[in-house]
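Visitor: Right, I'll just put the structure down here and ask away after.
The values are calculated or read from the model by the stated rules, or taken from the named source; none is laboratory data. Not measured: the values here are computed from a predicted model. Positions of Cβ are backbone-derived with ideal geometry, glycine not excepted, and every protein chain shown enters the neighbour counts.
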Amino acid sequence: MKTVMTFFPETRLAKLAARPGGMMRDIAIENATQSVEGMRGEGDEAIKREMDVIEKVIEGVQNNRIPVDQTKLILQHADQLVTLAATFGYEPLARCMRSLCDVADGVIRAGIDDSAPIAVHVHSMRLLAPGSAVLDAEQIELVLGELAKILTHYEFRPIAADDPQIPISR
């Protein structure tokens, strides 16, 4: 067997990474947490704006039928809400919005135009939104459990189930 020598070229990035300095991990996390907390007001306003867009779409639905382009619009804004809610620690709202994304995606894939499963999620998001009436853990799980039944009823799969790179955390 022949011995192989491996040469790792010294790059600027490698030099910077090897240098001492920076800050401790715990301090960096604390600083990041404080930074996010400092933006909470802006985040809550962004959440409200995204929710308003989704509600306007649902209010415009006629005869319980929603066009695919409107469903895609809801999916886009619900996806933004997943990120915002998770960033600011509104986990029940994030779970509700992930479920809405799954339902909207399922409606699109199935080629149906029934707005009812989407409308239920839209009404539920207000229950879980920042500044709404405070629900206890049992009530939150009841709401989220009922939303999960919609996925089961329509036999929709979570979007993450189609992509092995996305961890499913419900």
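Visitor: Inspect all residues belonging to the range 69-89 and state whether any of them is in contact with a Leu (Cβ under 9 Å, 6 or more places away or on another chain) and among the hydroxyl-bearing types (S, T, Y).
Guide: Looking through the range 69-89, none of the residues is in contact with a Leu (Cβ under 9 Å, 6 or more places away or on another chain) and among the hydroxyl-bearing types (S, T, Y).
Visitor: I need the full set of residues from the range 25-53 which are charged (D, E, K, R) and within 18 Å of the chain's Cα centre (by Cα), in order please. Spell out the reasoning first.
Guide: Quick first cut of the range 25-53, residues charged (D, E, K, R) only: 25-26, 30, 37, 40, 42, 44-45, 48-50, 52.
Answer for the range 25-53, where residues must be charged (D, E, K, R) and within 18 Å of the chain's Cα centre (by Cα): R40, E42, D44, E45, K48, R49, E50, D52.
Visitor: Another question about this same structure. Under 7 Å by Cβ, and 6 or more places apart or on different chains, what pairs join a residue from the range 114-129 that is at pLDDT below 95 and assigned to a helix (DSSP H, G or I) with one that is surrounded by fewer than 17 Cβ atoms within 10 Å (Cβ to Cβ) and small (G, A, S)?
Guide: R126/S132
Visitor: Continuing with this model, one more query. From the list A78, A148, A133, A160, which one is assigned to a helix (DSSP H, G or I) and under 19 Å from I47 (Cβ atoms)? Steps first, please.
Guide: Working: A148 fails: under 19 Å from I47 (Cβ atoms); A133 fails: assigned to a helix (DSSP H, G or I); A160 fails: under 19 Å from I47 (Cβ atoms).
One residue alone meets the criteria, A78.
Visitor: Scan the range 27-44 and report the pairs whose first residue is at negative phi and whose second residue is β-branched (V, I, T), with Cβ atoms within less than 7 Å and a gap of 6+ or a chain change.
Guide: Sorted first by the residue in the range 27-44, then by its partner, the pairs are V36/T87; G43/T87.
Visitor: Which residues, taken from the range 50-84, are surrounded by 13 or more Cβ atoms within 10 Å (Cβ to Cβ), without any contact (Cβ under 8 Å) to a residue 12 or more places away in the chain and either over 17 Å from A119 (Cα atoms) or of a type in the set (G, A, S) (or both)?
Guide: Within the range 50-84, just T83 meets the criteria.
Visitor: Out of all the residues in the range 8-45, which are at pLDDT 90 or above and in contact with a Phe, Trp or Tyr (Cβ under 9 Å, 6 or more places away or on another chain)?
Guide: Selection gives M39, R40, G43, D44.
Visitor: Identify the residue in the range 86-109 that is over 20 Å from E146 (Cα atoms) and of a type outside the set (D, E, K, R) and, among all such residues, is surrounded by the most Cβ atoms within 10 Å (Cβ to Cβ). Let's see the steps before the verdict.
Guide: Of the residues in the range 86-109, the ones over 20 Å from E146 (Cα atoms) are 86-89, 108-109.
Now restrict to residues that are of a type outside the set (D, E, K, R): 86-89, 108.
Details: A86: 16, T87: 15, F88: 20, G89: 14, I108: 16.
Across the range 86-109, the extreme among qualifying residues is F88.
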